[in-house]
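Trainee: One structure follows; several queries about it will come next.
The values are calculated or read from the model by the stated rules, or taken from the named source; none is laboratory data. Remember, predicted model here, so these are calculated numbers, not experimental data. Quick reminder, even Gly has a Cβ in these numbers, built from the backbone with ideal geometry, and neighbours come from all protein chains shown. For the accessible areas, the whole protein counts, side chains as well, though only heavy atoms, and no ligand, DNA or RNA atoms are used. Shrake-Rupley method; radii C 1.70, N 1.55, O 1.52, S 1.80 Å.
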Amino acid sequence: MSELQREVSELEKKSATAARLFDIRRIIGGLFTLYGVIVTIAGINPSDADLKKAEGVNINLWTGLGMLALGLFFLVWLWLRPLAPPAPEDDAAGPEGV
């Protein structure tokens, strides 16, 4: 019986690690940060034709900075509020809770 309990506890640890690894905030934050850096770099030195198309607004720079801010927000949120590991269920109570 203790062998089974040990295997279950190992699987729970692996499951919690996988849940933290694939937290949606990490994925969204990473992608927005990466794309924000790319678009911001593209907007640092715009051509006159690009500015004329956007009616004088450096849209790449502002969009890139916004994406960068959003991505960093998600990553900071993940850092400040990490995903809590799932609470172990009480097997002694049974399915009815009795």
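Trainee: What helices (runs of 4 or more DSSP H) completely inside the range 1-89 contain at least 3 residues that are at pLDDT 90 or above?
Mentor: Counting at least 3 such residues, we get 24-44, 48-53, 59-80.
Trainee: Restricting the search to the range 35-81, which residues are of a type in the set (Val, Ile, Thr) and open to solvent by less than 90 Å² (accessible area, probe 1.4 Å)?
Mentor: Once the filter is applied, which keeps residues that are of a type in the set (Val, Ile, Thr) and open to solvent by less than 90 Å² (accessible area, probe 1.4 Å), the range 35-81 yields VAL37, VAL39, THR40, VAL57, THR63, VAL76.
Trainee: Could you please tell me which pairs satisfy a Cβ distance under 7 Å, a separation of 6+ or placement on different chains, a first residue in the range 35-63 that is closer than 27 Å to PHE74 by Cα, and a second residue that is open to solvent by less than 60 Å² (accessible area, probe 1.4 Å) and outside any helix (DSSP H, G or I)?
Mentor: From residues that are closer than 27 Å to PHE74 by Cα, the pairs are GLY43/ASN58; ASN58/PRO46; ASN60/PRO46.
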